[in-house]
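Quick note: the coordinates plus some simple rules give every number you see, no bench work behind them. All of these numbers come straight from a predicted model, not from anything done at the bench. Note that each Cβ is placed from the backbone with ideal geometry, even for glycine, and that neighbours are counted across all protein chains shown.
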Amino acid sequence: MIQDAERCNFRNTMTNRLQPIYDIAALCAKKKLTKVILCPGSRSAPLVLAFARHPDIQTWTLSDERSAGFVALGMAQQSKTPVAIVCTSGTAAYNLAPAVAEAYFSHIPLVVFTADRPAEWIAQQDGQTIHQSEIFGKHVKKSFQLPQEYEHPDNKWAINRIVNDAINLAANGQGGPVHINAPFREPLYPGVDEQIVFSDPVRVIEEQETQRVLSEDQKELISANWSTFYNVLIVAGQQDLNDTQIQSLNIFFEKYNVPIAGDIISNIYPIPKVVSHSDVFLGQCTDDVKKTLRPDLLITFGGPLISKSLKLFLRQFPAKEHWHIQSDGPVADTFKSVTNIFNVDPVSFFDFLSTLPLQEGFENQKQNNFNKFWEVEERRAQRTLSEFFPIKDLAEIDLVNEIIKNLPRPCNLHLSNSMSVRYANYIGLATNHTGVQVFANRGTSGIDGCTSTAVGHSLTSNVPNILITGDLAFFYDRNAFWHNYPLSNMHVVLLNNHGSIIFRMIDGPGSLPEAEEYFVTRQKLNAKKLCEEFEFEHLALDSRRKLKNFIKDFFEFDNTPKVLELESGITLNLEVFDNLKLKIKKSYEL
Ligand SMILES: Cc1ncc(C[n+]2csc(CCOP(=O)(O)OP(=O)(O)O)c2C)c(N)n1
């Protein structure tokens, strides 16, 4: 963002050949798309300069497009508004693909501009040129192609309309990424003394969103069926923290005593009595216990689950009916049981349910009993966990437990794939974690952008950002730190077991002769040198004795990024996790 009046200006004029391109920046600003990541390159210069010189646009530059894509994704997730990213032509565009795919499956609004050569120069050995139109395939809500000539008024009109369309599409309904491929003919740069001016006014097309509330017909259907179910279970998938929804579910729970289950990534921990340890107990309890927990009506909303045990349980013991609430878009039939889809906001759904008359007598008692079954299991899991910690040798799950206990409120908690998010889900958040928001790249569950996503949040939020990550995810995405912006509110917990412990945890690869070399993939790095390079504080935690002081130091936010690293063996961590599971299993034998 350059506020130098010499270099940018607003004028009701259309004299420059590239004016319709410069006006894209003006349009974005008018549509409140004010955060733009600019990756270096020459072909993209017209867009880069327009965004960089627009006074209402905030820009960052990151050289590694793969990381930059995830940083943009983190920013869009943090601000809940579209963020744009601009890259040059060639393989730069392909490097955005992992973030685009994650944004697509996580419904995060990104507007991706890829600069291109004019169509006639593709595959003509002209350098840095690949086939870019529709390069992201099915992983964008839509791909757009900008005109490459600007003389005819229809082209100017088309550029404005396309960018309006793209931003609207990215933001509306379930958000997602859109792609705008922009071919540019040379010259790409203005003269040294040439000003970039922005047209004013610039045409803005606003799309008015439909309110996703229950229709009268849907209300009738729900009223007619609601009282026929006695064992109702609510399951929330991944979603952002939403105070209005929490309130609505609280009221609903108070009235009906319906168990509400959600993983750590569902952000529903503020609901008192929420079932947040289903992964813990459903993984170890007997089928007889599971039968008592089987719902006859399952109501779901939100994205994917972390808990494999909950997923398997709902597949093994499917509900008679499964109502899924989702405002729009294709519905995933994760448990193979969906019977009804309600295209509404969950708040509208549960607010309405809370107005229905409460059943009297026996029916009501049945639902209360069903809730008690879930409550007993939740309490058993909580009790077992609290008896289990602390353990003698400091293991990863123990450290995650300590970190979660001591999280500042408010903060953003970022969880990498794969064991980091699973450990944290085992521990769970409590109602007193007020203001903690949990984020994880679970759209595609990649390890390639977990740190960059957290960096995107850190650069645009004023709360502490705490990332818990494994070593492969951490070193894979180290270019997340390779830029010139301070990460004063970002602290990282690095669970360094020098390999991928997940492949020892899951059934399958663990006992194969190839396990070590091809799955666990041992690696030798620790974070010491990285911390030196990037001037981060490095807290090397090697004994329980240091834990208390290091935790205190780690949670002091003094403008220096910190990495708290626990180097520990895979065997120790496997043993500890197995012991925990055994303890839970044994709790059913008492
Ligand atoms: C881009 C990408 N490549 C490969 C994978 C497969 N994968 C899932 S978890 C994992 C290992 C992660 O190791 P680490 O970060 O050390 O975490 P840990 O397994 O120790 O928890 C791999 C390679 C992936 N999810 N994403």
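Summary of computed values
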read-out	value
Cα-only Debye scattering, the stretch 348-426: base-10 log of I(q)/I(0) at q = 0.21, 0.27 Å⁻¹	-1.01, -1.27
Highest-first arrangement of 61-71, 544-554, 42-52, where packing means the average Cβ count within 10 Å	61-71, 42-52, 544-554
For the stretch 435-488, the Rg and Dmax computed from alpha carbons only, in angstrom	11.1, 30
Net charge of Cβ neighbours under 14 Å - reference residue 410; Lys, Arg +1; Asp, Glu -1	-1
Ranking of 292, 88 by count of other Cβ atoms within 10 Å, fewest first	292, 88
Gap separating the Cα centres of the stretch 549-582 and the stretch 194-232, nearest whole Å	43 Å
Charge sum, other residues only, whose C-beta stays under 15 Å from residue 35's C-beta, Lys/Arg counted +1 and Asp/Glu -1	+3
Along principal axes, Cα extents of the stretch 107-168, largest first, whole Å	36, 32, 13
Charge dipole of the stretch 56-166 about the Cα centre (unit charges at C-beta), most positive-ward option of 100, 62, 121	100
Highest-first arrangement of 143-155, 340-352, 476-488, where packing means the average Cβ count within 10 Å	340-352, 476-488, 143-155
The chain, relative contact order [Cα under 8 Å, separation at least 6], %	13 percent
Fully extended contour minus Cα-Cα distance, from residue 148 to residue 521, at 0.36 nm per residue	129.6 nm
Value at 222 nm in deg cm²/dmol, rounded to 500, when DSSP H runs of n ≥ 4 in the chain each add -39,500 (n - 2.57)	-11500 deg cm²/dmol
Size of the chain as Cα extents on the principal axes (Å, biggest first)	81, 62, 44
Environment charge of residue 47, counting only residues whose C-beta is closer than 15 Å and scoring Lys/Arg +1, Asp/Glu -1	+2
Mean separation of Cα contacts under 8 Å, 6 or more apart, over the residue count of the stretch 414-535: relative contact order %	24 percent
When the convex hull of its Cα atoms is projected in every direction, mean area for the stretch 303-407 (nm²)	10.1 nm²
Overall Cα dimensions of the stretch 484-580, principal axis frame, Å, largest first	46, 31, 18
Above-threshold pairs, the threshold being 32 Å between Cα atoms, out of 80/156; 311/562; 308/546; 138/273; 80/581	311/562; 308/546; 138/273; 80/581
Semi-axis lengths, Å, the stretch 1-149, gyration tensor of Cα atoms, sqrt of 5 times eigenvalues	23, 21, 13
Separation of alpha-carbon centers, the stretch 474-506 and the stretch 318-393, rounded to whole Å	34 Å
Proximal aspartates and glutamates to residue 32, defined as alpha-carbon separation beneath 12 angstrom and excluding residues fewer than eight positions away on the same chain	56, 206
Over the stretch 243-346: Rg over Rh, Cα atoms, Kirkwood Rh	0.94
Relative contact order %, the stretch 110-184, counting alpha carbon pairs below 8 Å whose residues are six or more apart	50 percent
Zero-based 10 Å bins, Cα pair distances in the stretch 373-480, whole percents	14, 41, 33, 11, 1
Interchain or long-range residues, amide H under 5 Å from residue 199's placed H	11
